[in-house]
1. What do you get for the angle between helix B:132-144 and the principal long axis of chain B? Use alpha-carbon atoms, 0 to 90 degrees, nearest ten.
2. Quick one: check the C-alpha center-to-center distance for the stretch B:173-201 versus the stretch B:118-139, whole angstrom.
3. Please compute, for the alpha-carbon atoms of chain A, the extent along each of the three principal axes and give them in descending order in Å.
4. What does the net charge come to around B:Trp279 if you take all other residues with beta carbon closer than 15 Å to its beta carbon, with K and R at +1 and D and E at -1?
5. Using per-residue counts of other Cβ atoms within 10 Å, averaged over each peptide, order B:165-171, A:191-197, A:52-58 from highest down.
6. If Lys and Arg each add +1 and Asp and Glu each add -1, what is the summed charge of the other residues whose beta carbon sits under 12 Å from the beta carbon of A:Thr204?
7. Any idea what % of Cα-Cα pairs in chain B are farther than 23 Å?
8. Which helices, taking whole DSSP H runs in chain A, have alpha carbons extending 20 angstrom or more along the helix axis plus mean Kyte-Doolittle at least -0.5?
Amino acid sequence: MVSGKRIFSDFKVFSRGYLRNKFGLFFGLIFPVILILIFGAIFSGNNTGTIDVYAQNQDTGAFGQNLGDRFLSALNESTTLRVITVNASENFPDYLAAHSASDGILIPQNFSANYILGQPVNLTVYGNPTSSTSGIVSGTVNGYANYFNLQRFNGTMIIGLTSATVNTQQTKYIDFLIPGLIGFSILTSPMFSLVNISSEYKKTKLFKQLSLTPLTKMEWLTSKVLWYIVLTIAGFLLMVGVGIFAFGAHVTLTPWLIPFLVLGPMLFAALGMLVGTVTKNPETAGVIGNIVTFPMMFLAGTFFPISIMPTYLQTVAHGLPLFYIIEGLNNVMVYNNITGAIIDLVVVAVITVVIFALAVKLFKWRED
Amino acid sequence: MLPIEVVSLKKCYGDIRAVDDISFTVKQGEVFGLLGPNGAGKTTTIEILEGLRAKDEGQVKVLGLDPWKDGYELHKKIGVIPQEFTFFEKITPKEAIQYYADLFKVKVDPDAILKEVLLEDSAKVYFDSLSGGQKQKTGLALSLVNSPELLFLDEPTTGLDPNARRAIWEVIRGLKAKGKTIILTTHYLDEAQQLSDRVAIMNHGKIVAMGTSEEIIKQHGSGERLEIHGTEKLANYIKENTELQVDYNRSRGEIVIPLKQKIDALAALAAAEQSGMDWGEIQTRQDSLDDVFVKLVSYGVNEQGEIIGDNEVKPAVSKRRR
Ligand SMILES: Nc1ncnc2c1ncn2[C@@H]1O[C@H](COP(=O)(O)OP(=O)(O)OP(=O)(O)O)[C@@H](O)[C@H]1O
Ligand SMILES: [Mg+2]
């Protein structure tokens, strides 16, 4: 019979012990906030995604016009590129190399003259095939070249482009980062703690000691889960608070977040317990714990959206329980997509029930 | 109903027979001492009785219950100090007692318990900062919280200073006076002798001797003997000139003469005096539990419970400690 009173006594002792141990507190609460501050600071200055590109205009002009300049200022007005002009006397390729630049645009000497006379002229776009920005630069330059070509023959642009980011005009990296890092702390804090606790208690015979009291395994695990739910919600409030006040993040806070903040810690506390239970000693438990945790820490959409990863890694990500928690949090907080969130929730709930049941079943107080 | 009944208990770990077919009973209100060298199987036996380990074979009844199957019921009625007691790092002894009281749903006065085990001074120190002895005392304090009728104390005084040991002895005597049944393991034979009504000596998973210490000494000890400090030549002289059995312990330079009757001592001394040789201290002594323990453990016993191959008198070895 499960006793709420015993769960509460154990909860009291465990949480007090946790708060007295500075390590736990640091990794549970301070560390996620530090992550928000660091990642938020790194990306907050550059949230429009503008690419710096060097350009050299060798065009000498014709008929009183310098079309090279006009071309570059048109590029600069696009939100995609920021043109940094290089003095015409420089050797352009050398200059690019010296500045470790991966992208450059060179406008030739007779650009204006040939354009006006209707003769072909080539722009040179320098790029680095391994760089993700080069494609964007050549695409943009190509687009503007077409535009200039059409204008030359009095053609009309039918399709124009306005750039916008997904969903709302104001969405910034920090808005995606908050759910990711909340997922990160939902994973790491209960998981690492329970791997450690369950293997250490086994080694130091603390489980045997507890088995001599009326406390049951189920009550013990429940009290741990409750504590990590409390810790997760505290961490959630801290991270969202820092995100909003330090970086002006825009996230939606609705009761739909609660099931994720409850099931998440439950899932990973049980998973940690399971790892500690099936391994022989704390060393093995630590290794297995890391093997299970690390892929999730990076591949489940914690620090960056999984859409930027290659397809095979995206497939891997869909096999990680944390992915559904982070996707669900994103659906609620960023996209306001409750239908999507409910699907994620169902997946998370099923995984949680399975892992929890398995952990309770395999976990032993005593030895055979 | 006896509090503890064990019949043909066996437990193996691979090739190691940790507990090898032992049987014993413990009576109500008795203090039963379990002795034996490291690895003899004491902890394994005790933990099977506590329901913390499963047995391989045999029958075990503790307070009328099967400890493995009915462990949850049993644990409410017993108190345990495990060997090398450990607990949560960041909890004070006082909080630990309160925690146990909450789990058992009993009302206790933590300060009174702390006082009883001489731990008042460390009531508010975190467990991981306590000394080894203080940790051990915390274990004892916790084992008392549910006022158990049966206690299992696995090396409760190992690593304690003499004062603390005596304090724990007092606690144990107090519990005995209240009619509690206690099983105690220890490496200190004086402790076993002081506290236990009966002892069992275990070796290699078997019980090699059991009874009161007097009974064990009488059964396995060598009886009274005369020891004379002198040369081997003198020993031979006495041997040739009396009817007595004379042994010589070279390492200690001691002539050892088992006394079948007190008068044998006179004959031996007369012969020594007659020899004209020098001789020093004389004394008569009897095997202590220590001596018997060392013999039992180093030589083993045959089917009849006699010690095998013990001819030379061994010096009383200092108490073994872990
Ligand atoms: N869990 C286990 N797995 C494997 N072997 C074990 C286990 N527990 C005990 N043993 C073995 O069983 C034997 C008896 O061990 P036990 O702990 O009962 O001895 P003990 O008499 O309590 O010794 P000590 O005085 O050192 O505490 C030892 O050889 C030990 O190595
Ligand atoms: Mg032992």
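Values in this text are rule-based calculations from the coordinates and carry no lab data. Treat the numbers as computed from the prediction; the structure is a model and nothing was measured. No Cβ is skipped: glycine too gets one built from the backbone with ideal geometry, and neighbour counts run over all protein chains shown.
1. With rounding to tens, the tilt is 60 degrees.
2. Answer, in whole Å: 23.
3. 98, 39, 35
4. Details: positive: B:Lys233, B:Lys239, B:Arg252; negative: B:Glu227, B:Glu232, B:Glu254, B:Glu273, B:Asp278, B:Glu281.
It works out to a net charge of -3.
5. Working: B:165-171: 17.7, A:191-197: 23.4, A:52-58: 21.0.
Taking the mean over residues of other Cβ atoms within 10 Å, the ranking is A:191-197, A:52-58, B:165-171.
6. Details: positive: A:Lys202, A:Lys203, A:Lys205, A:Lys208, B:Lys135; negative: A:Glu200, B:Glu84, B:Glu89, B:Asp128.
Within the 12 Å Cβ shell, the charges total +1.
7. When every Cα pair of chain B is considered, 63 percent fall beyond 23 Å.
8. Those that clear 20 Å and a mean of -0.5 are A:4-20, A:132-152, A:173-203, A:217-247, A:257-278, A:282-299, A:338-362.
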